[in-house]
Amino acid sequence: MLNYTIKRLLEAIPIWVAITLIVFVLMNIIPGDPVAQLMDARSGALDENVMKQIREQWGLNDPLPLQYLHFLQGVVQGDFGTSYQSRSSVTELLIERIPVTLQITVLGLIIAIVIGITVGTIGALKRGSWIDSFVSSFSVSGVSLPSFFLGLILMYLFAVKFRLLPATGYVAGDIRYLILPSLTLALAVSGVIARITRSAMIDILRMDYMTTAISKGMSSGRIIVLHALKNAMPPILTIIGVQMGLLLSGAVITETIYGLPGVGRLMIDAILQRDLPIVQGCVVFVATVFLLVNLLTDIGCRLIDPRIKVES
Amino acid sequence: MKRNNFRLLIFSILMVLFLSACTDESNPTSSTEDDATSSNEPTPGGTLVRAAIYGDPQNLDPMARSHGTSTSMVTWNIFEPLVRYDAVAGEFKEGNASEWEISSDGLTYSFTLNPDVTFHNGRVVTAEDFKYSIERVMNPKNASPNAGNLQAIKGSKEFMSGDATEVTGIKVMDDTHIEISLDKPDNTFLSVLSLPFTAAVPKEVVEEKGDKFGEEPVGAGPFKFSSWVRGSEIVLEKNADYFAGAPYLDKVVYKVMEDQTARDNSFASRQLDMMVLGDAQYARYKNDPTYGELIVEVPELFTRNLKFNLEKDGPWQDVRVRQAINYAIDRDTIIQTVIQGKAYPAVGVLPSSIQGYNDKVTTYSYDPEKAKSLLEEAGYGDGFTLNILTTSHPAFGLPAVEALSGYLEEVGITVKTEQVDFAAMTDRLNNGDFETAMSSNGGMTHPVEFLSRYFHSKNAGASGNTSHYTNEKVDELLDKASQTTDESEMIALAQEAEEMIVKDAPWWFFNYNKAVIVHQPWVKGLQEMPTDIDYQDLTKVWIDESLK
């Protein structure tokens with residue numbers, strides 16, 4: 001297992017470097033001068049001498065490959081550079097924002113897993129009934145509804161109409177501010193999890209050993225949880241891993257709608273203002289999380305299902 | 001039976017949700033009822049929660065960020081400049097300086113500081129603090145985007161290029177007197193000294209905090225910095241020792257909310273006390289029986305326009321073509337339909353809320369026949385294709401361009417549009433990489449500064465005159481206007497220059513933005529602030545708790 005983990009980690013490094021390179025190149029070829037964005041772009045008047053001085057200070061006159069190498073060198077030392085706009089350390093900005101994103105994604109993932117697995121299992125057990133049809137509709141709706149639309153509906157219902165939860169904003173330690181964003185993220189993902197759970201469970205329920213377990217007189221709860229669900233987990237875990245990426249990308253929109261100071265919003269603002277060090281910092285963070293989650297998912301699947309180990 | 005009960009339950013839940021969506025309980029009690037219990041006497045106390053719609057200021061050090069809305073709406077309350085510009089009355093008033101005098105040749109500005117002004121750390125603000133703070137902005141090591149605004153000061157070039165260790169034009173006479181000399185007269189300079197980036201910052205705190213000063217700023221303004229959750233909210237609290245008297249509000253909370261619908265929902269759920277309205281929301285709130293009465297609106301100092309790039313070859317090089325385009329478009333109808341009435345038709349360059357506004361300027365009215373004959377005269381009777389660069393902005397972006405395209409097509413001009421984001425638009429305008437572009441320009445409170453920025457040939461390109469408009473007579477008039485010490489002469493010269501600019505039509509003059517704030521019934525003292533409606537004087541705002 002250790003060899004496998006090390007091999008996977010080593011495989012991830014070139015992917016990670018390629019991602020940073022692609023982002024660096026993209027941000028440098030799209031039009032939009034970061035120095036102009038710092039000046040008073042709204043009134044549309046810039047001072048070219050001052051811009052020249054700032055460009056020099058930021059190292060923007062250096063050749064692009066050199067700028068990229070400086071960035072990589074910094075990242076290896078844990079330094080993502082300094083934001084053009086706020087002049088704060090990007091590492092510090094990320095440290096401030098990561099907890100918010102992690103809180104809504106983790107909470108969202110937990111809600112999604114609970115709803116998705118429960119609904120999917122019920123669908124499989126009640127296969128062909130109207131409950132099963134409801135599960136299928138739930139899965140399709142969850143996947144099809146864009147998160148900004150879902151977010152606004154939830155905000156309207158729970159904040160404006162019933163005034164149960166705050167509409168927007170963030171107060172550290174107050175979970176009320178996290179419920180609606182997490183739910184928004186969770187509903188889309190839970191649909192996918194429910195669909196996969198349902199089909200995996202249907203396959204398992206058809207197996208001979210299930211008949212054996214039933215004939216041995218085991219309780220249906222034990223059969224479902226210990227035999228069926230456990231054996232249906234590898235595809236479910238894989239899809240949960242993939243959905244983490246969806247959750248992170250959904251966080252960008254969700255954080256914007258709910259005014260949450262997370263990594264997603266930091267990245268969107270930075271892209272609009274061409275604040276390259278922040279964009280790179282955010283991308284490195286998201287890519288790292290994504291690669292790690294994929295790795296953990298694969299390891300989890302191997303631990304749960306020894307057949308994978310044998311096959312590989 | 002069980003199944004039917006379950007279906008009934010689901011149906012009932014859905015019906016409750018549907019019916020709740022059809023009723024509107026979000027409005028507060030009507031203003032008529034409120035008025036019965038409200039008092040018009042300001043009372044101290046309370047918290048104002050307002051929306052900061054242009055995003056996080058990112059850095060509250062006034063030196064570090066440009067004088068844009070997202071920053072200044074906060075820093076104007078933390079820092080105290082030498083003078084304050086009362087945009088509602090259209091005059092300068094006391095700030096950190098209790099008196100000021102401009103020499104008869106317009107070259108020297110002498111300020112007497114109010115001895116009662118203290119920083120939030122308790123130390124008295126001295127003349128030396130202003131010298132330090134202004135030089136800090138000009139210091140090339142600090143790479144301040146505001147440095148360019150201070151180049152009128154004598155000795156600034158030497159200091160900014162590193163050839164001098166101090167700015168010779170800034171002289172500290174004693175603790176309460178400071179003199180600032182200019183290279184040549186510039187009557188727009190006092191406006192610069194009213195902006196937050198020229199306010200005093202305490203040297204000892206700046207040096208102690210280093211880069212963190214922008215995260216925990218200390219100034220001498222009416223409110224003290226309290227806390228900041230980046231990207232979420234900034235909290236200021238009352239400066240009880242403010243020299244001009246403590247503000248009424250105990251606290252001001254700026255909620256960073258860029259999404260319009262989120263602001264709407266927060267306002268409806270009473271999380272917000274006030275917010276600036278976008279074009280799409282304006283008509284809805286204006287027609288609302290409650291909130292229609294709780295709206296503050298003003299023509300803002302921004303002029304939306306379609307600018308021609310006079311550096312690029314094309315039919316628009318002919319003044320008759322530019323005039324024809326001004327005649328061809330029915331701006332009033334576009335304002336009523338696309339912008340839902342949230343703008344004032346532009347007659348010229350200067351918006352109606354600026355000193356020197358001239359509603360008698362020879363302008364263009366909708367006259368497609370005249371447009372056709374001018375095009376015919378210019379040799380473009382068969383039309384041509386015009387490329388318009390635009391953004392997605394709802395008021396002066398793609399929707400407006402699509403509307404004006406219809407009018408241009410009626411006189412034979414085919415329009416091709418290209419939509420980019422604001423950062424790309426800034427780049428393209430600065431580099432002259434466009435034929436025509438829709439944008440919004442302004443923010444200056446001085447008419448000569450406004451006109452010079454966009455039409456003086458010395459500012460061609462990124463400095464503001466992105467149309468590359470050149471007219472020697474206009475340059476001459478604007479130079480004379482900026483150097484005279486006679487205000488009425490300054491206005492007459494500015495109006496003469498504006499008349500020539502409008503005639504030359506380097507822009508299609510579209511509209512002046514109508515800035516609108518909607519507020520809850522308990523918020524009192526908001527003003528029609530033309531510089532930017534977000535720059536409310538919060539020392540005048542108070543909360544009537546009895547209406548909450």
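Some notes on this structure:
- On the basis of the beta-carbon distance and an R0 of 56 Å, B:Thr43 and A:Lys52 show a calculated FRET efficiency of 0.60.
- Evaluated with a Cβ-only charge set (Lys, Arg +1; Asp, Glu -1), the range B:456-539 carries a dipole of roughly 380 debye about its Cα centre, given to the nearest 20.
- Between the range A:62-83 and the range B:480-548, the alpha-carbon center distance in angstrom: 44 Å
- Take every Cα pair under 8 Å whose residues are at least 6 apart in sequence, average their separation, divide by the length of chain A, and the relative contact order is 26 percent.
- For the range B:66-83, 3J(HN,Hα) per residue [Karplus equation, 6.51 cos²θ - 1.76 cosθ + 1.60, θ = phi - 60°, Hz, x = Gly/Pro]: 6, 6, x, 4, 4, 7, 5, 4, 9, 5, 4, 8, 8, 10, 10, x, 4, 10
- Delta accessible area of at least 10 Å² on complex formation, residues of the range A:70-101, 1.4 Å probe, chain isolated as reference: A:Gln85, A:Ser86, A:Arg87, A:Ser88, A:Glu92, A:Leu93, A:Glu96, A:Arg97
- Highest-first arrangement of A:15-27, A:247-259, where packing means the average Cβ count within 10 Å: A:247-259, A:15-27
- Spin-label model distance (nm) - B:Arg284 vs A:Tyr209, 7 Å beyond Cα toward Cβ: 5.6 nm
- Measuring between their Cα centroids, the range A:175-242 and the range B:176-207 lie 67 Å from each other.
- Kirkwood hydrodynamic radius of chain B, from the reciprocal of the average inverse Cα-Cα distance over all distinct pairs: 25.5 Å.
- Most mobile of A:Lys216, A:Lys52, A:Lys126 in a GNM of chain A (Cα contacts under 10 Å): A:Lys216
- All Cα pairs of the range B:37-97, percent lying beyond 17 Å: 59 percent
- Placing unit charges on each Cβ (+1 for Lys and Arg, -1 for Asp and Glu) gives the protein assembly as shown a dipole about its Cα centre, and among B:Val137, A:Tyr209, B:Phe119 the Cα reaching farthest toward its positive end belongs to A:Tyr209.
- Remark: mean inter-chain Cβ contacts per residue of A:163-175 equal 5, using a 10 Å Cβ-Cβ cutoff to other protein chain atoms.
- Derived scalar couplings between HN and Hα for the range B:225-230 equal 5, 10, 7, 8, 9, 3 Hz in order, rounded to whole Hz, by the Karplus curve 6.51 cos²θ - 1.76 cosθ + 1.60 (θ = phi - 60°), x for Gly and Pro.
- Under the simplified labelling scheme, the B:Lys480-B:Ser365 pair shows an inter-label distance of 3.1 nm, with each label point 7 Å from Cα along Cα→Cβ.
- Buried area at the A:B interface is about 5000 square angstrom, summed over both chains, from accessible surfaces computed with a 1.4 angstrom probe.
- Computed accessible area, B:Arg270, all protein chains, 1.4 angstrom probe, square angstrom: 90 Å²
- Across peptide A:47-55, the mean count of Cβ atoms from other chains lying within 10 Å of each residue's own Cβ comes to 6.
- Residue by residue along B:135-144, Cβ atoms of other protein chains within 10 Å of the local Cβ number 3 on average.
- Chain B: relative contact order in percent, alpha carbon pairs under 8 Å with at least 6 residues between: 20 percent
- Rounded accessible area of B:Ser226 (nearest 10 Å², 1.4 Å probe): 50 Å²
- Residue among A:Val160, A:Val90, A:Val140 with the largest mean-square fluctuation in a Gaussian network model of chain A, springs linking Cα atoms under 10 Å: A:Val160
- Spatially, the range B:246-268 and the range B:100-165 are offset by 33 Å when compared through their Cα centroids.
- Taken over the protein assembly as shown, the percentage of Cα pairs per 10 Å bin, counting from 0 up to the bin with the maximum distance, is 2, 11, 19, 22, 20, 13, 7, 4, 2, 0, 0.
- Label sites at A:Leu164 and A:Glu11, each approximated as a point 7 angstrom past Cα along Cα to Cβ, lie 4.4 nm apart.
- When each of the peptides A:231-244, B:371-384 is scored by how many other beta carbons lie within 10 Å of its residues on average, the order from highest to lowest is A:231-244, B:371-384.
- Per residue accessible area in Å² of the protein assembly as shown, where ligands, DNA and RNA are left out and the probe is 1.4 Å: 41 Å²
- Database remark: amide H of B:Leu48 closer than 5 angstrom to the amide H of B:Lys251, B:Val252, B:Val253 (H placed geometrically; neighbours at sequence offset of 5 or more, or on other chains; Pro and chain starts carry no H).
- Of all the options A:Gly120, A:Gly169, A:Gly142, the one that moves most in a Gaussian network model of chain A with Cα springs shorter than 10 angstrom is A:Gly169.
- Positions from the range B:224-249 whose accessible area shrinks by 30 Å² or more when the full protein complex is built, not the chain alone, probe 1.4 Å: B:Arg230, B:Gly231, B:Ser232
- Straight-line cross-link partners of B:Lys473 among the lysines, defined as a Cα under 24 Å from its Cα and at least 8 positions apart when in the same chain: B:Lys184, B:Lys307, B:Lys312, B:Lys360, B:Lys458, B:Lys503.
- Of B:Ser72, B:Ser181, the residue with the largest accessible area leads and the full order is B:Ser181, B:Ser72 (1.4 Å probe).
- Theoretical gain in end-to-end length, B:Asp382 to B:Ser226 [0.36 nm per residue, Cα-Cα removed]: 49.7 nm
- Accessible area of B:Glu179 (1.4 Å probe, protein heavy atoms only, ligands and nucleic acids ignored): about 50 Å².
- As a calculated quantity, the FRET efficiency between A:Phe148 and A:Ile299 at R0 = 30 Å, using C-beta atoms, amounts to about 0.30.
- Between the residues A:Leu226, A:Val289, A:Ile239, the greatest Cα displacement towards the positive end of the dipole of the range A:217-312, with unit charges on the Cβ of Lys, Arg, Asp and Glu, is found for A:Leu226.
- Every helix of 4 or more DSSP H residues in chain B counts as -39500 (n - 2.57), and over all residues that averages to -9000 deg cm²/dmol at 222 nm.
- Relative contact order (%) - the range B:254-364, alpha-carbon pairs under 8 angstrom, separation at least six: 24 percent
- Simple point charges give the picture: +1 on the Cβ of Lys and Arg, -1 on the Cβ of Asp and Glu, and for the protein assembly as shown a dipole about the Cα centre of about 5420 debye.
- Rg/Rg_globular for the range A:47-99, with Rg_globular taken as 2.2 N^0.38 Å and Rg from C-alpha atoms: 1.30
The values are calculated or read from the model by the stated rules, or taken from the named source; none is laboratory data. All of these numbers come straight from a predicted model, not from anything done at the bench. Cβ coordinates were reconstructed from backbone atoms using ideal geometry, including for glycine residues, and neighbour counts include every protein chain displayed. Just the protein is used for accessible areas: all its heavy atoms, side chains included, with ligands, DNA and RNA removed. Shrake-Rupley method; radii C 1.70, N 1.55, O 1.52, S 1.80 Å.
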